[in-house]
1. Mind sorting B:216, A:164 by how few other Cβ atoms lie within 10 Å of their own Cβ, fewest first?
2. Quantify how much of the Cα-Cα distance distribution of chain A extends past 27 Å, in percent.
3. Can you tell me what percent of all Cα-Cα pairs in the stretch A:158-203 are more than 15 Å apart?
4. Largest first, please: the extent of the C-alpha atoms of the stretch B:80-148 along each principal axis, to the nearest Å.
5. Using a 7 Å offset from the Cα along the Cα-to-Cβ direction at both residue A:65 and residue B:94, what is the distance between the two label points in nm, to one decimal?
6. Mind checking which of A:166, A:43, A:223 has the largest fluctuation in a GNM of chain A, springs on alpha carbons under 10 Å?
7. Using all alpha carbons of the stretch A:1-77, what is the percent of pairwise distances in each 10 Å bin, ordered from the shortest bin to the longest?
8. Running a GNM on chain A with Cα contacts under 10 Å, which residue among A:143, A:182, A:115 ends up with the highest mean-square fluctuation?
């Protein structure tokens, strides 16, 4: 497995640091009580922050101020973080470990974990609607609309519902791709789209960026399947091999590891090709696409 | 127990009908799958729709088009509906019955109930951010901000977290009032505030309306406590007497039924007094304040 390029390594470091410090500043302080502590446990200090990185890197291509883009990045990351908290619940995937820490329901109880997820989702939209995120109310409302559509029944939550309904069922490749496009792809696509919204790029100008996001979304999921079957649990910071144990249909299960790896690489090449009309301002997005299949956790 | 006044009865009928038909039009169709069916089960055909009524009645005072106000009303009602779905979960209040129907987790399973709540919250913000709700992006962003703050850790979810933490603890009247002000009052206050936002009333002009909302919020909760101890389970459409069984501190438990009833009446009088500088355009809000303590379910 390869290391990220120097450019990407620097971007990954910067986004992890900046997202953590902004969550720290914007979330209710620990003194506010147990809910605040549990929300901070879920949001601060974990994850690669791919969605904020996609958002800020796209926004940077169009000259958007980083302070503004980072706030939107924290908004989308709050949605991602809440989805992990609810996903880990006993009635869902029942996981004990996330980012190398006890999951929220393990540390704070199940009822609190439900509320942490609910509170983080509200927090996401509160941040986006705040004038500090953009002085232009049209952009604020558009950011909310893009994220809400991607997070809801027509996106992430819809994908999770399909995932639950499909447990034990024999899905084919097309069905898995559709499921994953909703469950993971919708939010990754929203990250790029929100960056473009902040850059005042009209919907028709976002086609290539959306295609890029779609391809890396699917590549990301195939790489996740590969890591789940072949990865190192200590590096992953979460339980692995769970999909196979749960009898879930996966890309690797259906295609075999070798073809899955080829398919992911093909998607990455295709994603990079979609950025063809952009110059070096798109280099972080290119490096990120490559990293998605090369990462070891 | 009194019936609602003719003016209010008509308003309650109209809002129940209009909120149901707008949910029906805006939620994903039942053919979309189990998640869509479960979201519709949670949102359509139940509840008094007090929040949309407060919102549309306030908006009407300032000449806002009812079509627009109704969309915002459906947004806030989606948040209320999601909170009930999560509140009813086994790890929270563990209720089997809501609005006379099986709760979502009883009918669709626990995992689906978590996702229904998550999806309804995203839906709420999607509706508010849509240009069909207001042609003015500033109003759309402001609606999102007001609702997100009221729904999150500093409002409804914060109140629910206090409620969980307080289980079995001996709360005094001040602590219960603060808890309920977050848990129920914040969203009722947001309903009025969102109506004022749509009417382009600046924050400083909303003081009296907020005071009205705060008073009816507390009166509403005391009335709920009275109904929980003395109400008719068939009319309520949900399990009663649960607070006492769970050893929860309530207004009625602390003050006795007689003083609680007096206190609620006093709050209603005070709420109506806050509307003093408005003419008959505020009559629905006045009637609603009276109804809150007089209702039998």
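Since every read-out is calculated from the coordinates, none of them should be taken as a lab result. Note that this is a predicted model, so its numbers are computed, not measured. Quick reminder, even Gly has a Cβ in these numbers, built from the backbone with ideal geometry, and neighbours come from all protein chains shown.
1. Values: B:216 31, A:164 18.
Lowest count first: A:164, B:216.
2. Values: 16592 of 43956 pairs.
Beyond 27 Å sits 38 percent of the P(r) for chain A.
3. Details: 532 of 1035 pairs.
Percentage above 15 Å: 51.
4. Dimensions of the stretch B:80-148 along the principal axes of its Cα atoms: 42, 22, 18 Å.
5. 5.2
6. Looking only at A:166, A:43, A:223, the largest GNM fluctuation is found for A:166.
7. The percentages, shortest bin first, are 18, 47, 25, 9, 1.
8. Highest fluctuation of the listed residues: A:115.
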